[in-house]
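A short worksheet on the structure shown next.
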Amino acid sequence: MASRSKKTDTSTPLPTARQLLDWYDRHARDLPWRISPKARKKGAVADPYKVWLSEIMLQQTTVKTVGPYFLKFVEMWPRVEDLAAASSPEVMSAWAGLGYYSRARNLHACAKVVADQHGGTFPQTEDGLLALPGIGPYTAAAVASIAFDQPAAVMDGNVERVVSRLFAIDTPLPVAKTHIKERLNELVPQKRPGDFAQATMDLGATLCSPKKPACALCPWTEECAANAKGIAETLPVKPPKKAKPTRYGSAYWLTDAKGHVLLRTRPPKGLLGGMDEVPGSEWSEQTTQPTTDEAPAKTDWQQLPGKVTHVFTHFALELTVYTAQAATRSKVEGDWVPLDALAQRALPTVMRKIVAHADPEAAKQFRKKA
DNA sequence: AAACCGTGGTA
DNA sequence: TTACCAAGGTT
């Protein structure tokens, strides 16, 4: 029997890692955490701590958003031991605004494990990395290949798109992931596996984009089965998304005679876990009348005009904001925080929106500095 | 295994 | 405006 079917023979040539690496040598993005292909050939090696830190930050987060956070973290904590020695509020505050706050909790936990149980050195194998908090299949493979030159199959959303198109895999995600990873494994080179991983992600982030891919510029344009069939833009096939409900609630901006404001720290797990908050009511899907029944003090609350709206991953939120001056500091839970110290707190974006609504002057400190 | 978990940019 | 999506992990 013939080794290749007639259908395959009339299809596209097999793609090679060499084609992609040649493209990467000319078009690699210049990123703060990256060793350029040129520097790498001269012997420069990546710092595993920076590779790991960047990969955690980049989970479901754009390169543009991560940039300033990465630079700030590296400046504040240049080595994994420094991060391990930081306090939890410091780390959560530095992460504030980046989202998916379990990443920050796991980041800190992982730094402590590496510092305390691994002598400050990251494990060099996928399995070793996988055992650390916050490191899943993607990140384990990424750190193993980029920092330690292991030929691991690094599969993220970009790579799923690139490979599903390259081989015209039209099985819907997530079922297709197994098949995609098999095909990816066949492509991973023994030489420069870290550059190959970064190259596939660069390709997906630039040319092989979700919409309007620039197939004419792609190093695999001749090899791409989806391009040959004219169906590149339709791949990968994704399941429909669920509808996003709206929840409603109230937030209570309570200041004292010195102009300090009452903040609380949320429970360590769940939504915005471990972050600070302006005290608030439960968030209900029922559009009940806004109330001060759940406020931190019985006092003369004033309802502010307008609403604060925010969209989370799986629901939208609409908040009514009340303000009041506390007669006394007694009998309230939480911390009284000076208004000029809010930027030092771990306030997620939705809470910064509440600050801006209740006290626009106090919110000015949140503006990004150039 | 499906749900949960943020945010900002883009079309 | 709505919808989609970005270097996913945990439970």
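The values are calculated or read from the model by the stated rules, or taken from the named source; none is laboratory data. Note that this is a predicted model, so its numbers are computed, not measured. All Cβ positions, even for glycine, are placed from backbone atoms using ideal geometry, and neighbour counts span all protein chains on display. In case anyone asks, the SASA skips ligands and DNA or RNA and just uses the protein heavy atoms, side chains included. Shrake-Rupley method; radii C 1.70, N 1.55, O 1.52, S 1.80 Å.
Can you go through A:61, A:12, A:16 and tell me which one is of a type in the set (Val, Ile, Thr), over 30 Å from residue A:366 (Cα atoms) and either open to solvent by 50 Å² or more (accessible area, probe 1.4 Å) or within 16 Å of DNA strand B (Cβ to nearest atom) (or both)?
Selected residue: A:16, the only one of A:61, A:12, A:16 that is of a type in the set (Val, Ile, Thr), over 30 Å from residue A:366 (Cα atoms) and either open to solvent by 50 Å² or more (accessible area, probe 1.4 Å) or within 16 Å of DNA strand B (Cβ to nearest atom) (or both).
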When residues of the stretch A:192-211 are limited to those that are among the charged types (D, E, K, R) and at pLDDT 95 or above, the one farthest from DNA strand B (Cβ to nearest atom): A:192
Does residue A:226 count as in contact with a helix residue (DSSP H, G or I) (Cβ under 6 Å, 6 or more places away or on another chain), more than 30 Å from residue A:291 (Cβ to Cβ) and open to solvent by less than 20 Å² (accessible area, probe 1.4 Å)? yes
Just to verify a result, which residue in the stretch A:143-176, among those that are among the polar types (S, T, N, Q) and farther than 22 Å from residue A:222 by Cβ, is least open to solvent (accessible area, probe 1.4 Å)? A:145
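Matching residues to (1) open to solvent by less than 60 Å² (accessible area, probe 1.4 Å); (2) of a type in the set (Asp, Glu); (3) under 25 Å from residue A:123 (Cβ atoms):
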| position | (1), (2), (3) |
| --- | --- |
| A:23 | yes, no, no |
| A:28 | yes, no, no |
| A:50 | no, no, yes |
| A:56 | yes, no, yes |
| A:69 | yes, no, yes |
Cβ pairs under 7 Å, 6+ apart, first in the stretch A:250-277 and of a type in the set (D, E, K, R), second within 16 Å of DNA strand C (Cβ to nearest atom): A:266/A:272; A:266/A:273; A:266/A:274; A:266/A:275
Residue that is farthest from DNA strand B (Cβ to nearest atom), among those in the stretch A:136-148 that are among the aliphatic types (A, V, I, L, M) and in contact (Cβ under 8 Å) with a residue 60 or more places away in the chain: A:147
Among the residues of the stretch A:52-67, what is the count of those that are more than 7 Å from DNA strand C (Cβ to nearest atom) and out of contact with any Gly (no Cβ under 9 Å at 6 or more places or on another chain)? 6
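Please work out if residue A:98 is part of a helix (DSSP H, G or I) and either out of contact with any strand residue (DSSP E or B) (no Cβ under 6 Å at 6 or more places or on another chain) or loosely packed, with under 15 Cβ neighbours inside 10 Å (or both).
Values: part of a helix (DSSP H, G or I): no; either out of contact with any strand residue (DSSP E or B) (no Cβ under 6 Å at 6 or more places or on another chain) or loosely packed, with under 15 Cβ neighbours inside 10 Å (or both): yes.
It is false that residue A:98 is part of a helix (DSSP H, G or I) and either out of contact with any strand residue (DSSP E or B) (no Cβ under 6 Å at 6 or more places or on another chain) or loosely packed, with under 15 Cβ neighbours inside 10 Å (or both).
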Matching residues in the stretch A:215-236 - criterion: being in contact (Cβ under 8 Å) with a residue 60 or more places away in the chain and in contact with a Ser or Thr (Cβ under 7 Å, 6 or more places away or on another chain): A:222, A:223, A:224, A:225, A:227, A:228, A:235, A:236
Let me confirm something: among A:195, A:202, which residue is touching a Phe, Trp or Tyr at 6+ places or on another chain (Cβ under 9 Å) and near DNA strand C (Cβ under 10 Å from one of its atoms)? A:202
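Residue by residue, here is whether (1) within 10 Å of DNA strand C (Cβ to nearest atom); (2) open to solvent by less than 20 Å² (accessible area, probe 1.4 Å); (3) part of a helix (DSSP H, G or I) holds:
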| residue | (1), (2), (3) |
| --- | --- |
| A:81 | no, no, yes |
| A:89 | no, no, yes |
| A:111 | no, yes, yes |
| A:128 | no, no, yes |
| A:133 | yes, no, no |
Which numbered condition residue A:73 fails, given (1) open to solvent by 20 Å² or more (accessible area, probe 1.4 Å); (2) assigned to a helix (DSSP H, G or I); (3) at pLDDT 95 or above: (1)
